[in-house]
Every structure is written in structure tokens, then in C-alpha cells.
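K.L.:
One structure follows; several queries about it will come next.
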Amino acid sequence: MAAQGAGHLADLVRAFAHPAASPALVHCTAGKDRTGIVAACVLDLLGADEDTIVADYTRTQLALDAIRAHTTAVLPGLAGRAVPAAILSAEEETIRTFLAEVASEHGGFGPLLERHGITDAEVGALPARFLQR
């Protein structure tokens, strides 16, 4: 997902770096896959360690029952359908494997996004947007 969506991910990071980007909202159905990648990327670019990124991702697990109930209420055709277990969980192993693959295949989020035009100045603008001092 990161490699195929790297151009879009770069566009998001570029938008986040812009002074008019606050506040910003990123979401998907469960907030763990596409949104999890965006959050992991931004946290990584902000200098968060892997354990912090993992803790952020796995926090979604606490809300998945409510998300599933809401999604079924909005899309009743999903009720009773078999859903792969990976879709219904936000496990530590999933995000750790993902981060390891981004690191080994792309050198990390920084190098991946640099190949899609992200500059040091744009990455350098992120702390002012997302970190409180």
C-alpha cells in the first residue's frame, strides 16, 4: 500500500506541510489501514520511534467493535458476511511488519517520499503543524 500509494502519500505530506493545512482530518472506514499508513508516515517523519507508531496503530483495536457496528448499521448488506480477521484487527505484528517492509524495500518513509518529490523543507515544516511546544 505504501509503495503503490506513495505519490498520494507525498501529496498528503506536502499538504500537511502547508501553513493553511490546520486543522487536518484523515480517515478511512476503520482508521487503521490507509489512515494507519498516513499516521505512521507522519509520525515517522516527525521522529517518532517504532514503539510510538505501533502504540498509535494498535489503539485502533479499542474502537473496532464500535466501528464494525456502525459500518454494519450504515451498510446493512455487510451484516453476517464473512470478513477476514486481518480486516477486523489492528495487531502489533501487522504494523511492525509493515514498518519493516517500508524500511527494507524503500529505506523508510523519508526516502520513499523523496522519490515522489517531497523536500527536506516540507518534512521540516511538519513539526510546526503537528507538535506542541
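The values are calculated or read from the model by the stated rules, or taken from the named source; none is laboratory data. Since we're looking at a predicted model, the values are computed, not measured. Cβ atoms come from the backbone with ideal geometry, glycine included; neighbour counts cover every protein chain shown. Each accessible area value is taken on the protein alone, full model and side chains, heavy atoms only, with ligands, DNA and RNA left out. Shrake-Rupley method; radii C 1.70, N 1.55, O 1.52, S 1.80 Å.
K.L.:
Sort 100-108, 55-63 for me by packing, meaning the mean count of neighbouring Cβ atoms within 10 Å per residue, highest on top. Mind showing how you got there, number by number?
P.N.:
Numbers: 100-108: 13.9, 55-63: 16.0.
Averaged packing, sorted descending, gives the order 55-63, 100-108.
K.L.:
Pop the C-beta distance of Asp120 and Cys28 into the FRET formula with R0 = 22 Å and round what comes out to the nearest 0.05. Provide the component values of the computation, followed by the final result.
P.N.:
Values: r = 29 Å, r/R0 = 1.30.
Calculated value: 0.15.
K.L.:
Still on this structure, I have one more. Which residue, chosen from Ala10, Ala103, His70, occupies the Cα position most advanced towards the positive end of the dipole of the chain, where the dipole is computed from +1 (Lys, Arg) and -1 (Asp, Glu) charges on Cβ about the Cα centre?
P.N.:
Final value for the positive-end residue is His70.
K.L.:
Right, here's the next one. Using only alpha carbon pairs under 8 Å that are at least six residues apart, calculate the relative contact order of the chain and give it in whole percent. It would help to have the intermediate numbers written out before the result.
P.N.:
Numbers: 95 pairs, mean separation 53.5, N = 133.
Computed value for the chain: 40 percent relative contact order.
K.L.:
Over segment 32-133, give the accessible area per residue in Å² for a 1.4 Å probe, as an integer. All intermediate terms of the calculation are to be shown ahead of the outcome.
P.N.:
Numbers: 6210 Å² over 102 residues.
Here the per-residue accessible area is 61 Å².
K.L.:
Would you compute, from DSSP H runs of 4+ residues alone, the mean residue ellipticity of the chain at 222 nm, taking -39500 (n - 2.57) per run and dividing by the full residue count, rounded to the nearest 500? Each step should come with its number before you reach the end.
P.N.:
On the way: 7 runs with 76 residues, N = 133.
So the helix-based figure for the chain works out to -17000 deg cm²/dmol.
K.L.:
Could I have the simple spin-label model distance between Phe130 and Arg96, label points 7 Å from Cα toward Cβ, reported in nm to one decimal?
P.N.:
Those two pseudo-labels are separated by 2.2 nm.
K.L.:
Could I ask something else about it? Here are several values of semi-axes √(5λ) of the Cα gyration tensor in Å: [x] 24, 16, 15; [y] 20, 18, 14; [z] 28, 17, 14. Which one was derived from the coordinates shown?
P.N.:
[z]
K.L.:
At 0.36 nm per residue, minus the direct Cα-Cα distance, what do His18 and Thr72 gain on full extension? Give it in nm, one decimal, please.
P.N.:
Details: separation 54, 0.36 × 54 = 19.44 nm, distance 3.65 nm.
Taking 0.36 nm per residue and subtracting the Cα distance, the gain is 15.8 nm.
K.L.:
Keeping the other protein chains in place, figure out the carbon and sulfur percent of the accessible area of segment 5-133, with a 1.4 Å probe.
P.N.:
Working: 4500 of 7770 Å².
The computed percentage sits at 58.
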